[in-house]
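Report on the following structure.
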Amino acid sequence: MSADYQASEKLNLDASFVYNFAEYSWDWEFDSRPTLTAAGGSKTIGAYDTWDQNDLIDSYSDLSYEQYSITLGGTYNFTDAFYTTMQGTYDIFESDEEYVYGDEDGKAFSGYFAVGYKF
Amino acid sequence: MKHSQLWLLALLSILTFMTASTVMASEDAAHVSGSWELGMSGINTDDNAARVNEYGSVRAEDGIALAPKLDMEFKNGGFVLEAKSETMGPRDQMHEIGIDAARIFKYEGELNVLEHHKDHDNLEHLGATMQGDIDGDQPRVFTNATKNPEQYAWELDQDYIVTRREWKNEAELVIPQLSNITFKAGARIETREGMEQAIALSKCSACHIEANPKEIDERTEEYTLGFTGKFGLLTVDYEYLTRDFDEDAGEPTYNYWSSGKVRTGSADVDNLNYAGEELEYNKTPDSEKDSHMIKARVDLPRNTSISASYVKADIDSTKEEDADVYTFVDGNTLSSEFESFALKGATRIGDLRLSIRGNTYEIDGPEYSVNFTNRVDNVDFDHDGVADTVNNTLDNPQHYEAAESRDVTEFGLDGVYRLAHYTTLRLGYEYEEIDRVEEEHLGSTETSTYKVAANTRFGKGLNANFSYEYQDIDEPFKGAHVGIAQDHPDATIIGDLAYLMTADYKDDPTDGVDNTDPLADGNTTKVYYWNSVYPSRGLESTSEPDAVQEAKFSTTWAAAPNMALTAYARVRFEENDAVKYEQNTYVPGVSFWFAPSNKLNLTMAYNFNKQETENRMCVGWYHG
């Protein structure tokens, strides 16, 4: 959501907020899967074909993160031509699982301040 | 050649600029308007910056930077100069310039600089399968986390950041004495510099996976020359494009560990081409492309038009060679050709707007042979201490044919009918046939697409759009016939699937059938991946749907002059019964704009995206 407010003849304010939530999960359905049979040989297929061998796929695939981004800014016109502007953004990333890219939790504050002139 | 084109473009620009300036001199007085800002930008990050500063606003590292901005327009008679520049930091810049000299000469230039934090896979998820191997000697998929912890820790500590710079220039020239022709020229230079992660796996399936930083130093130069000519009812466009891509960075290296496994008296290492060696990988080849494109359009009375186009492109890709590993038999430059014809007609019959189009193109990819220096025949595949000779000869040189080689035919028909003053109905049909040169392995795909859409307005403040599309895809890419059990007479049906049992690979003396060596690979006693799991693949191997449905809906309600509500939804169903694949996607959303006063604007939006996928899969197991 965003808002733009003309607070006074010389002051304009703006703000925005963005929230993003994402999650991913994986479910096995072993019961519906036919199994191979093996007779003799150096390995038994059935021994490979068990929940124990692959169950980590479930937990490794539970991916989830949240993002927040908050921006506040404003412009003040000293005269019709001369003004100053300022903006600050605070970003937050929270990852609840870190199997693929590791711990990506982070925060960042970025800002901009300037004086300007219209001609 | 490229430098001469640049000089030609520059000389043309200067001469035209001088001519145009002379024309302007006698016209209106000059006028300048715009704004400038002089500021500072800064960023401070905590913890990991890869996501919160993924597209490097300001800069990749914490700190402050000078941040000037300029937005300017200069007018002097028929001459217009526009300039726009924004610098938020050393790697976050945008600069634009536009010149219009009495409509005789136009120029637009743009420079963009962007920094991107690239993904950094920690490889941990590769332990999701077979981490508790029944052999007990190792996880079946392992990384340097266990094999070389120091290298693993060092690689995890790398920052993968790539800086992209793109400089685009487009110029147009109209000679007053030849005003029906516009000459065009363009130049685009793109560079990518930095570092990306490069992941490689070993010779023996995915036993060992290793990541390394790969330096990026790419440069793409692209130049275009062409014209647009209007000759009565006929409009002709021509463009010549030449593009060079060069990669100058060094390649990462992969450590081919020497396997110490001994099976039935035979050591793995004796069968490996590369063991205990560190070899380069992830090489990006240099490439060149030249293309000619010509379009013609005839505008006839009664809103009728006919257009046609022809494109011919030649692409050369130069591969690296390593005499100790592999060499190309007929040179290391592989060539591809692309040729396309398209024809389109459109007309209006009463309230019906009708268009029909056809297109055919051919991609002729390279055929080549590679000689593998260390490849030998008669390897001891079954580890019985004796070199195998049955069905055990690897081609050397090995012949390859590009999977991209294909003939494609496309056809489309569209009709838009005005049902009422604010209501239109659209019906469409598209057909695409892809004939791949490697049809035996990759199949031939036919796609029929049916479309229906309606657009209407309910009074002043409410309008709505709806569309529905159905795709019927016959034999979607790729590898439709790789399952060994497919159509096999001995296959056992379990549920909907066809399976071959391991027992089928052993001779049953009572069945009267001699299948002691059904794969004719010389292996009659052991159960291995290739004689047990591969044969059981009874399903087609594609991961693509053979039926797709997609519906879209959107409506906007402007309840009052100071508010508007838009709601929309997209639903997509994909399925392929042959491989038990199904994917459903739901994307609804709503946005609301409200201005409670002249001084306050509020915008709110909510988007939701849900995708569910169901499919069968084969999780590999490996036994070294």
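The values are calculated or read from the model by the stated rules, or taken from the named source; none is laboratory data. On a predicted model such as this, the values are computed, not experimentally measured, just so you know. All Cβ positions, glycine included, derive from the backbone under ideal geometry; neighbour counts span all protein chains shown. Side chains are part of the model used for accessible areas, which takes the heavy atoms of the whole protein and leaves out ligands, DNA and RNA. Shrake-Rupley method; radii C 1.70, N 1.55, O 1.52, S 1.80 Å.
Details
- Residue B:263, sole failed condition from (1) among the basic types (Lys, Arg); (2) surrounded by fewer than 16 Cβ atoms within 10 Å (Cβ to Cβ); (3) at pLDDT below 95: (2)
- Number of residues in segment A:61-119 that are of a type in the set (Phe, Trp, Tyr) and at the interface with chain B (Cβ under 7 Å from one of its Cβ atoms): the value is 8.
- The residues of segment B:286-309 that are touching a residue at least 24 places away in the same chain (Cβ under 8 Å), open to solvent by 40 Å² or more (accessible area, probe 1.4 Å) and of a type outside the set (A, V, I, L, M, F, W, C), listed by number, are B:286, B:288, B:289, B:290, B:292, B:295, B:297, B:299, B:302, B:303.
- When residues of segment B:326-370 are limited to those that are within 20 Å of residue B:284 (Cα to Cα) and polar (S, T, N, Q), the one surrounded by the most Cβ atoms within 10 Å (Cβ to Cβ): B:336
- Residue check, residue B:243 surrounded by 16 or more Cβ atoms within 10 Å (Cβ to Cβ) and either more than 30 Å from residue B:338 (Cα to Cα) or modelled with pLDDT of 95 or more (or both): yes
- Residue in segment B:463-477 that is farthest from residue B:451 (Cα to Cα), counting only those that are open to solvent by 60 Å² or more (accessible area, probe 1.4 Å) and in a strand (DSSP E or B): B:474
- Looking across segment B:266-278 at every residue that is in contact with a Ser or Thr (Cβ under 6 Å, 6 or more places away or on another chain) and at pLDDT 75 or above, the one that is surrounded by the most Cβ atoms within 10 Å (Cβ to Cβ) is identified as B:275.
- Residue in segment B:571-603 that is nearest to the other protein chains (Cβ to nearest Cβ), counting only those that are crowded, with 16+ Cβ neighbours inside 10 Å, of a type in the set (S, T, N, Q) and closer than 24 Å to residue B:551 by Cα: B:591
- A count restricted to segment B:401-422 and to residues that are loosely packed, with under 14 Cβ neighbours inside 10 Å and either at positive phi or hydroxyl-bearing (Ser, Thr, Tyr) (or both) stands at 1.
- Search result, residues across segment A:98-115 that are in contact with a Gly (Cβ under 8 Å, 6 or more places away or on another chain) and open to solvent by less than 80 Å² (accessible area, probe 1.4 Å): A:110, A:111, A:112, A:114, A:115
- Some residue of segment B:610-623 being modelled with pLDDT of 95 or more, outside any strand (DSSP E or B), more than 24 Å from the chain's Cα centre (by Cα) and surrounded by fewer than 16 Cβ atoms within 10 Å (Cβ to Cβ): no
Condition check ((1) away from chain A (no Cβ under 14 Å); (2) at pLDDT below 90; (3) over 30 Å from residue B:53 (Cα atoms)) across all residues:
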site	(1), (2), (3)
B:127	no, yes, no
B:131	no, yes, yes
B:143	no, yes, no
B:146	yes, yes, yes
B:157	no, no, no
B:167	yes, no, no
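- Figure legend. Inter-residue proximity from segment A:1-27: first residues aliphatic (A, V, I, L, M), second residues in a loop (DSSP other than H, G, I, E, B), beta-carbon distance below 9 Å, spacing 6+ or different chains. Indicated pairs: A:7/B:599; A:13/A:7; A:15/A:1; A:18/A:1; A:22/B:609.
- If only residues of segment B:156-171 that are in contact (Cβ under 8 Å) with a residue 60 or more places away in the chain and among the hydrophobic types (A, V, I, L, M, F, W, C) are counted, the one that is least open to solvent (accessible area, probe 1.4 Å) is B:171.
- Test: residue B:59 is open to solvent by 20 Å² or more (accessible area, probe 1.4 Å) and part of a helix (DSSP H, G or I): no
- The residues of segment B:45-61 that are within 9 Å of another protein chain (Cβ to nearest Cβ) and either modelled with pLDDT of 95 or more or farther than 20 Å from residue A:94 by Cα (or both) amount to a single one, B:58.
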